[in-house]
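Chemist: First, the structure itself, so that you have it in front of you.
The values are calculated or read from the model by the stated rules, or taken from the named source; none is laboratory data. Remember, it's a predicted structure, so these values are computed and weren't measured experimentally. So basically every Cβ, Gly included, is an ideal-geometry build from the backbone, and we count neighbours across all protein chains shown. Just the protein is used for accessible areas: all its heavy atoms, side chains included, with ligands, DNA and RNA removed. Shrake-Rupley method; radii C 1.70, N 1.55, O 1.52, S 1.80 Å.
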Amino acid sequence: MKFVRFRAGGRGRYGILEDGHVTEIAGSIYGRYRRTRRRHPLGRVRLLAPCEPTKIVAVGLNYRDHAAEIGLPIPEEPILFLKPLTALIGPGDRIVYPAISQRVDYEAELAIVMKRKARHVPPGKALRYVLGYTCHNDVTARDLQKKDGQWTRAKSFDTFAPLGPCITTGLDPHRLRIEARVNGAVRQSSSTDRLIFNVPTMVAFVSQVMTLYPGDVIVTGTPPGIGPVERGDVVEIEIEGIGVLRNRVV
Ligand code: MG
């Protein structure tokens, strides 16, 4: 199942993507819902970020080969940071290159979307709390990340958290091809089977620290091949079974 959020009649609505159409639903994607008779061709709706999180929790350094490429040791525990909701944008929205950075990078990441309120969840039960998965671009001002020594400023500019295009349910999250492309050229190409900390481990770990609510997002780190974007570039994050998240840098 693929859930989307889209704008119609001046507000955000949820729907199911099937056969190139979006079927609007009544109810909640986190609980009970039903299909309505309102059906729109995908090309006629404006997709939004597919959920409305209370927070975006990010895991740094979760692929061994990415840790190696930036010269940092493999962490013993997941390294967490937060991306503010003011950074959240949806498919087709524009990433704004900040004037105070000279080096902005894409980072293709698998995003976990929570289904149920979760606190102190054991790894063995963690997947029951997950609704599904979507694509994320953990846009990073790399020069500021290095300069600051911690990551808040570098990761938090408005528009630095593209998410979408849909939430796919029923996926095995640990064997998905993940790719980043800039203007059509492949820059990152890996598989989620190379994650250091897997999805249940990350959900359990984060839930020891903070309460996760339905719609909250955990983004799971990027594979090797990070690199810069320039104004005018089109960045695509594609994950097998989910789709393509496309954003232009301006
Ligand atoms: Mg990242």
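Chemist: Leaving out ligands and nucleic acids, note down the accessible area per residue over the stretch 2-47 with a 1.4 angstrom probe, in whole Å².
Modeler: 63 Å²
Chemist: Given Cβ point charges of +1 (Lys, Arg) and -1 (Asp, Glu) and nothing else, what value in debye, to the nearest 20, does the dipole of the stretch 108-202 about its Cα centre take?
Modeler: Details: 16 positive and 8 negative charges, 64 e Å.
Dipole of the stretch 108-202, to the nearest 20 debye: 300 debye.
Chemist: Moving to a separate point now. Work out the charge dipole of the chain with +1 on the Cβ of Lys and Arg and -1 on the Cβ of Asp and Glu about the Cα centre, then indicate which of Ala87, Ala49, Ile16 is farthest towards its positive end.
Modeler: Comparing the listed Cα positions along the dipole, Ile16 ranks first.
Chemist: Also: Evaluate the charge dipole of the chain about its Cα centre and quote only its size in Debye, nearest 20, assuming +1 on the Cβ of each Lys and Arg and -1 on the Cβ of each Asp and Glu.
Modeler: On the way: 37 positive and 25 negative charges, 262 e Å.
Dipole of the chain, to the nearest 20 debye: 1260 debye.
Chemist: I've got another one for you. Specify the residue with the greatest mean-square fluctuation among Gly132, Gly227, Gly164, computed from a Gaussian network of the chain linking alpha-carbon atoms under 10 Å apart.
Modeler: Gly227
Chemist: Which residue, Pro73, Pro173, Pro123, has the most motion in a Gaussian network model of the chain that connects Cα atoms within less than 10 Å?
Modeler: Pro73
Chemist: So in the chain, what percent of DSSP beta bridges are antiparallel if you round to the nearest 5? Present the calculation step by step, with values, prior to reporting the outcome.
Modeler: Details: 63 of 70 bridges.
DSSP beta bridges in the chain are roughly 90 percent antiparallel.
Chemist: Can you give the accessible area of Leu212 in Å² (nearest 10), computed on protein heavy atoms with a 1.4 Å probe?
Modeler: Its accessible surface works out to 0 Å², give or take rounding.
Chemist: Taking a probe of 1.4 Å, how large is the accessible area per residue of the stretch 49-249, in Å²?
Modeler: Numbers: 7920 Å² over 201 residues.
It amounts to 39 Å² per residue over the stretch 49-249.
Chemist: Could I ask something else about it? Which one of Ser189, Gly132, Gly71 has its Cα pushed farthest toward the positive end of the charge dipole of the chain, where Lys and Arg give +1 and Asp and Glu give -1 at the Cβ?
Modeler: So the residue furthest toward the plus end is Gly132.
Chemist: While we're on this one: Around Ile16, under 12 Å between beta carbons, what's the net of Lys plus Arg minus Asp minus Glu among the other residues?
Modeler: Details: positive: Lys2, Arg5, Arg13, Arg34, Arg35, Arg38, Arg39; negative: Glu18, Asp19, Glu24.
Its environment carries a net charge of +4.
Chemist: What are the residues whose amide H is under 5 Å from the amide H of Lys115, where those residues sit 5 or more places off or on another chain and H is modelled from the backbone?
Modeler: Val130, Leu131, Gly215
Chemist: Let me ask another. Longest span of the chain, sites excluded, free of trypsin sites (Lys or Arg not before Pro) in DSSP loop with at most 13 other C-beta atoms within 10 Å? Walk me through the intermediate numbers first.
Modeler: Values: sites that count: Arg32, Arg119, Arg175, Arg231.
For trypsin sites (Lys or Arg not before Pro) (loop position, at most 13 other Cβ atoms within 10 Å), the longest site-free span of the chain is 33-118.
Chemist: Could you compute the net charge surrounding Leu212? Neighbours are other residues with a C-beta less than 9 Å from the C-beta of Leu212; K and R count +1, D and E count -1. Show your work: numbers first, answer last.
Modeler: Values: positive: Lys55, Arg116, Lys117, Arg119; negative: Asp216.
Value of the local net charge: +3.
Chemist: Quickly estimate the mean residue ellipticity at 222 nm for the chain, helices only: each DSSP H run with n ≥ 4 gives -39500 (n - 2.57), and the total goes over all residues, rounded to 500. Could you put the intermediate results ahead of the total?
Modeler: Working: 4 runs with 28 residues, N = 250.
My calculation for the chain gives -3000 deg cm²/dmol from helical runs alone.
Chemist: So what is the diffusion coefficient of the stretch 2-47 in µm² per second by Stokes-Einstein at 37 °C and 0.692 mPa s, using a Kirkwood Rh over Cα pairs? Present the calculation step by step, with values, prior to reporting the outcome.
Modeler: Details: Rh = 10.4 Å.
Once the numbers are plugged in, D ends up at 315 µm²/s.
Chemist: Number of Lys pairs in the chain with C-alpha atoms less than 30 angstrom apart, excluding same-chain neighbours closer than eight positions?
Modeler: 25
Chemist: At R0 = 25 Å, how high is the FRET efficiency between Leu72 and Asp158 if r is their beta carbon distance? Nearest 0.05 is fine. Please list the in-between numbers first.
Modeler: On the way: r = 27 Å, r/R0 = 1.08.
The calculated FRET efficiency here is 0.40.
Chemist: Oh, and also: Report in % the part of the accessible area of the chain that belongs to carbon and sulfur, leaving out ligands and nucleic acids; probe 1.4 Å. All intermediate terms of the calculation are to be shown ahead of the outcome.
Modeler: Working: 5380 of 10990 Å².
In the chain, the share of accessible area belonging to carbon and sulfur is 49 percent.
Chemist: Restricted to Cα positions, what overall size does the chain have along the principal axes? Three whole-Å values, descending.
Modeler: That works out to 53, 44, 28 Å along the principal axes.
Chemist: If you put +1 on each Lys and Arg Cβ and -1 on each Asp and Glu Cβ, how big is the dipole of the stretch 2-47 around its Cα centre, in Debye rounded to 20? Don't skip to the end; give the middle numbers.
Modeler: Values: 13 positive and 3 negative charges, 40 e Å.
Dipole of the stretch 2-47, to the nearest 20 debye: 200 debye.
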